[in-house]
Structures are given as structure tokens and as C-alpha cells.
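**Q** I am attaching a structure below and will ask some questions about it afterwards.
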Amino acid sequence: MKKYYMLTIVSLFIFCSNASAQTIFSDSFDTNAKPVWGNEIGKWVASGGVYYATEPGNSPVAYSSIITQKNLRDFTVKIDIKNCQDGGIFLRSVKCKDNNVSGVLLVTLGSSNQLYWHIVSCEIVGPIENSVTIPDLKGSTIHLKIVVSGNTYSVYLNDKSKPVTTLTTDKFSNGSIALYSNSSQSFDNIIISKMKKKNVAK
């Protein structure tokens, strides 16, 4: 018995979303810092292939933001931190009045061998959240990958496959990335990427 199949061809556009990582900023500080660093507080310099604040501090907070990337939402940051002491990275940050900054702050407190989070709202620094102890963190060189997706912030240490600490908050929907320093630690090899969606018609 023969089976007959009738094919009805309908013209449809089907869009397949293929996501791939797109680098939107990088700096190795080999000769100097790229001019898009804001260098707002702390008199930051690039020297010896690293970037650091010559006047680190907490009052006001010493930070330097990437002024060309002000509305980041979902992204990944990869960065090396050398001589880990006391500093960190602001995510989805926004500058306030009086030299303050708001955002999610990942603190690398090498002096106490800890990584943890703060929610910072201008002059108000929230409590320590989701602290994790990292043996021998003090004075070491570490590689961090920070993934920001929706309301979740995840930190991967030294290319490990599982995050060492995460934070979930809906306080900030977008903003810039800034480096923070309250010690002699320095930063190197920053790469920022975001997911690039490609629509393919079939």
C-alpha cells in the first residue's frame, strides 16, 4: 500500500537565537590605562603593567569607572587582582553627589582572607552579605570571573567551574563597572563581555 503525503509549504520566518560572547572592553595596562577610565577618586595610575590607586581609601571611596559603559545589565567581567589586600569591584554602579557611588560591590578583603558583597547606596553601605573564606588570599594573585545575569551576581575564582559566592538582589538594573581600592593591591587584564544575540531566519 502506498502512502501519499501531501506537503503544504507555508512560508514562515523562524528566528533562532544564537548567543555568543562579545568583548566590549579590555585593558592590560601594559603601557598606560586606556583614556576611558574615569579616575574619579584615588588618583589611579598604570605602572609596571598594573592599575592601582595612589591614594586608596574609604572616605571618600577610591574608585575608577569605565565611563563609556554606563548602562550595562547582563555581562561578564574577568580580571586579575595582585597583592590581594583590601579592594573590590563595583557592578552596575552609578555615581552619586558628594563623590559617592551606588551599586553592588564585591569586596576582596585579602587581609581577612574573605570575599563578600555590599549593597552600596551612595553614602550608605549595607551589611556584609554571603561572605566566603579563601585560604591564603592575603597577598596572593587571583583571577576572578564575575557573571551578572538578571538579579544574580556570581563569582568564579581561579577558573573554577562553580561560583565561590553569589548574590541575588533587585536593587540595581544597570550601571557601570568600577574598581575600588582601600589598600596597595592592584588590577590587571580586565576583560568585559556581554552576550550577543544573533537572529537567523530560516
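The values are calculated or read from the model by the stated rules, or taken from the named source; none is laboratory data. None of these values were measured; they are calculated from a predicted model. Every residue, glycine among them, receives a Cβ derived from its backbone with ideal geometry; neighbour counts consider all protein chains shown.
**Q** What single numbered condition from (1) at pLDDT below 95; (2) in contact with a Leu (Cβ under 8 Å, 6 or more places away or on another chain); (3) not basic (K, R) fails to hold for L109?
**A** Exception for L109: condition (1).
**Q** Which condition breaks for Q69 when tested against (1) modelled with pLDDT of 95 or more; (2) buried (at least 16 other Cβ atoms within 10 Å of the Cβ); (3) more than 23 Å from I142 (Cα to Cα)?
**A** Checking Q69 against (1) modelled with pLDDT of 95 or more; (2) buried (at least 16 other Cβ atoms within 10 Å of the Cβ); (3) more than 23 Å from I142 (Cα to Cα), the one that fails is (1).
**Q** Answer yes or no as to whether N83 is over 23 Å from K194 (Cβ atoms), modelled with pLDDT of 95 or more and either surrounded by fewer than 20 Cβ atoms within 10 Å (Cβ to Cβ) or aliphatic (A, V, I, L, M) (or both).
**A** Details: over 23 Å from K194 (Cβ atoms): yes; modelled with pLDDT of 95 or more: yes; either surrounded by fewer than 20 Cβ atoms within 10 Å (Cβ to Cβ) or aliphatic (A, V, I, L, M) (or both): yes.
So N83 fits the description; yes.
**Q** Same structure again: Going through the range 148-180 one residue at a time, which ones are surrounded by 17 or more Cβ atoms within 10 Å (Cβ to Cβ) and hydrophobic (A, V, I, L, M, F, W, C)?
**A** Passing the criteria: V148, V155, L157, L167, F172, I177, A178, L179.
**Q** List every residue pair whose Cβ atoms lie under 9 Å apart, where the two residues are 6 or more positions apart in sequence or sit on different chains, the first residue falls within the range 8-34 and is more than 30 Å from G48 (Cα to Cα) and at pLDDT below 85, and the second residue, located anywhere, is assigned to a loop (DSSP other than H, G, I, E, B) and not hydrophobic (A, V, I, L, M, F, W, C).
**A** Within 9 Å, the pairs are L12/K202; F13/K202; I14/K202; F15/K202; C16/K202.
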